[in-house]
Structure formats: structure tokens, C-alpha cells
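No lab work stands behind these numbers, since they all come straight from the coordinates. None of these values were measured; they are calculated from a predicted model. Neighbour counts run over all protein chains shown; Cβ positions are idealised from the backbone, glycine included.
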Amino acid sequence: MTLRIFLLLLWAALSTPALAVFPDNEAPTVLITGANASHGLAFAEEYAALGWNVIATCRTPEKADRLNTLASQNPNLIVERLDIVDDAEIAALAEKYNNVAIDVLLNNAAINAFRFGISRYGKLDYEWFEKILHVNIMGPIKVSEAFQKNVAASKQKKIIAMTSTGGSITDLKVPIAIGYRTSKAGLNMAMRNYAIHLRPKGVIVGIIGPGTVDTEDYMNAEDPTTVPRNYQMMMKAGRLVPRTAINDMIELIDNMTLEDSGIFYKWDGEVLPW
């Protein structure tokens with residue numbers, strides 16, 4: 001065991017258990033990865049407003065200003081540090097929440113390579129490609145396995161993977177975002193496998209492609225000129241999903257049963273082809 005892992009586990013053992021700080025221990029609990037921005041932050045906002053106990057994780061909490069402000073306004077939301085590919089951080093957080101039942105584990109954190117990195121044939125950055133695969137496929141599996149017993153001990157028993165409609169092999173039409181799309185297709189397969197593995201334990205594995213959600217509600221901006229150009233283009237192309245999609249996905253997750261485990265859903269409940 002390295003010194004870093006030992007110190008992180010010691011920190012976890014000495015930290016105040018979540019059950020002692022959440023004001024309502026009877027409320028359902030959700031753990032969200034990548035909760036500092038975009039979809040993750042929106043999920044944290046909505047789950048907190050619904051009265052859930054929220055464990056909101058991100059890589060650098062000290063820089064997560066909006067998430068920290070949300071936590072200061074909601075005593076049922078705790079901000080925690082978690083890099084989803086850092087084994088020591090995963091182990092430490094799992095140790096800290098060892099006795100906490102987690103109703104919904106929301107694997108949201110990912111590298112969105114539609115926006116970052118060279119990703120077209122002839123100019124592929126293979127080091128970047130490898131990192132995308134590591135974070136977007138292995139990361140959610142590592143976190144899921146670390147917290148599997150917490151989920152199994154809960155009432156709802158749900159592990160959710162936020163994938164992408166771009167991960168559908170059947171629907172592929174344009175050869176762009178190769179690394180990102182490959183990672184999401186791989187995540188779909190990993191979670192489909194996981195769903196079959198966990199079915200005998202009664203644990204539901206949800207696979208949801210959220211689309212690009214308008215989490216800043218640009219669609220209702222009073223002054224359209226203040227909307228960033230890339231979002232203007234997405235709105236014009238009809239590729240931006242309304243902010244209410246976050247609530248729709250929460251409802252979709254709420255209603256999931258074992259019959260839905262391992263099915264690839266779009267944010268609105270449509271079943272997508274692999």
C-alpha cells in the first residue's frame with residue numbers, strides 16, 4: 001500500500017460519516033460524479049430540490065464555485081473529491097461512505113471529446129484517445145464496483161450510466177468524435193454486461209443518452225445575442241435538449257425496474273439501437 005493510499009484511507013476513516021450530517025437520514029440518497037458543471041450540476045440541483053440526500057463529487061472541489069454555493073444553500077448536499085480513475089480516491093470515498101445506502105449511483109463524469117481534442121482520421125491523438133477510453137469506460141465501472149454494495153443495500157438499487165446517443169453504432173452517419181463515440185459504445189457494452197451480472201442481486205443498471213442538455217437555459221434567454229455561438233448553432237440545428245430533460249431523466253430513473261436494466265434509453269424514454 002502506498003503512503004498516499006494509506007493517508008486517504010486514514011482520512012476516510014476519521015471523516016464524519018454522511019449519516020451523521022445529512023438532516024434527513026430517511027430520505028433517498030444519490031451519488032453523482034462530475035457534479036461541478038453541466039449535466040452533473042443540474043442533476044445535483046434537481047435532486048437537492050426534491051429533498052434527496054446528495055453526495056456531489058468532482059475532481060477539484062476547491063474550484064467548484066457553483067457546486068459549493070449550492071451546498072451552502074442545501075444542507076442535504078455534500079461535496080466530495082473524486083477522480084473516477086484514481087483508485088486511491090475511489091477507495092477512500094467508498095470507505096468513508098461504507099455504511100451508507102445509495103439509492104442511485106449516477107455515473108455522469110466523463111471527457112466530452114465532441115468539444116476537446118483532435119478526433120478525426122488522419123489526425124488522431126492516440127495518447128488522448130487512450131485517456132478518453134480510460135475515463136469514459138473504466139472510470140464508471142471502477143466507481144460502480146466500489147459502491148455496488150451501497151447500492152444493493154438501498155431501497156431503489158440503481159446504478160445509472162450517462163452515456164451518449166453518439167454511442168449508437170446503428171445510428172452513426174458522420175465519422176467525427178471517434179474517440180468519444182468509441183468510448184460511449186464501449187461503456188454501453190460494459191454496462192449491458194454489468195446489468196446481466198447484477199440482475200440476480202436485484203440491482204438495476206440504467207443506460208441513458210442525455211443529449212446536449214441546455215443546462216444554462218439558453219433557449220429562454222431574454223437577449224439571444226448573449227447565448228454563446230456554439231449553443232446558437234446547436235439550437236438552430238435542433239441539437240440542443242431543453243433544461244427540463246434533467247427532470248425527465250430523473251423521472252425515467254425513478255420509474256426503472258429490473259425489466260429496464262441494461263436497456264439503452266434516450267433522455268425522453270425512447271429506446272435507442274446499439
Between Thr170, Tyr231, Leu198, whose Cα lies farthest towards the positive end of the dipole of region 142-231 when Lys and Arg beta carbons carry +1 and Asp and Glu beta carbons carry -1, centred on the Cα centre? Leu198
Using the structure shown, list the pairs from Lys131/Lys155; Lys63/Lys173; Lys96/Lys131; Lys157/Lys184 with a Cα-Cα distance above 26 Å, or answer none. Lys131/Lys155; Lys63/Lys173; Lys96/Lys131
Relative to the chain, whose Cα atoms define the longest principal axis, helix 245-254 and its Cα axis are tilted in degrees, nearest 10, by 50
Taking only the alpha-carbon positions of region 81-202 and ignoring solvent, what does the Debye formula give for the base-10 log of I(q)/I(0) at q = 0.23 Å⁻¹? -1.29
Taking every C-alpha to C-alpha distance in the chain and binning by 10 Å from 0, the per-bin percentages run 7, 28, 37, 21, 6, 0
Once you have a ≥ b ≥ c as the square roots of the Cα gyration tensor eigenvalues for region 149-274, tell me rounded if a/c is under 1.5, and otherwise prolate or oblate according to whether a/b is larger than b/c. oblate
Mean Cβ-within-10 Å packing, highest first, puts peptides 226-238, 137-149, 203-215, 253-265 in the order 203-215, 137-149, 253-265, 226-238
If you take every DSSP beta bridge fully contained in region 111-265, what fraction is antiparallel? Give it as a percent rounded to 5. 0
With +1 on the Cβ of every Lys and Arg and -1 on the Cβ of every Asp and Glu, the dipole magnitude of region 78-175 about its Cα centre, in debye rounded to the nearest 20, is 400
Looking at the chain, what % of its DSSP beta bridges pair antiparallel, to the nearest 5? 5
